[in-house]
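Working notes for the structure below.
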Amino acid sequence: MWWRCGWEAVGVAYQPAASVAGSSLPPLSRPELAEARRVRAVELFEDGVSNAEIARAVGVCAESVRRWRRVWEEGGAHALRRRAATGRPPKLDDAQVETVRAALEQGAQAHGFEADLWTLERVGAVVERATGVVLSRASVWRLLTGRLGWSLQRPDRRAVERDESEIARWVAHEWPRIKRGR
């Protein structure tokens, strides 16, 4: 079964402000939508609405509403709010990430590499030199794509001997002759 997504799924009428009416607002993320459902459920708890009606109104199963009601009764509305993600803290703090960003923006050749091309190994070496922290390849990838906002860019592979004028001549003269079948 598919559930409607967005504010409508939690019974909230959403109208963008006049200043952003022409823009496309990003949809709610999954955690934001889940929290919006719980917030709406709390409002309905306070109004004395039954679990079954709340489940239908916010688009979840009755068991979820029962669990939310128990948490709400024990800890209040605050207990149903989203919490920060748990897990191991990052090895690099924000200041170290900015140090790495500045070092990478200098280019690979500034750090003694032959070509001005970044690889995960090269970035890892620069991170270690700049911060003293050793990162795995996977951690370097997460640093680049997640915290620095970089993306994978592959260089065009072109032969050194490539002659653009000869290619243009061939396309203009030889290819039409071959296509005609002569």
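What the table shows:
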| quantity | calculated |
| --- | --- |
| Boolean, Arg4 is under 24 Å from the mean Cα position of the chain (by Cα), at pLDDT 50 or above and at negative phi | no |
| Helices (runs of 4 or more DSSP H) wholly inside the stretch 109-182 containing at least 2 residues that are touching a residue at least 12 places away in the same chain (Cβ under 8 Å) | 120-131, 137-142 |
| Given (1) open to solvent by 30 Å² or more (accessible area, probe 1.4 Å); (2) in contact with a Pro (Cβ under 9 Å, 6 or more places away or on another chain), index of the condition Val97 fails | (1) |
| Residue match in the stretch 152-173 (condition: open to solvent by less than 100 Å² (accessible area, probe 1.4 Å) and within 28 Å of the chain's Cα centre (by Cα)) | yes |
| Criterion violated by Asp116 - all others in (1) of a type outside the set (A, V, I, L, M); (2) open to solvent by less than 70 Å² (accessible area, probe 1.4 Å); (3) touching a helix residue (DSSP H, G or I) at 6+ places or on another chain (Cβ under 7 Å) satisfied | (2) |
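The values are calculated or read from the model by the stated rules, or taken from the named source; none is laboratory data. Remember, it's a predicted structure, so these values are computed and weren't measured experimentally. Don't worry about glycine lacking a Cβ; one is built from the backbone with ideal geometry, like all the others, and counts go over all protein chains shown. Keep in mind that these areas ignore ligands, DNA and RNA; they rest on the heavy atoms of the full protein, side chains included. Shrake-Rupley method; radii C 1.70, N 1.55, O 1.52, S 1.80 Å.
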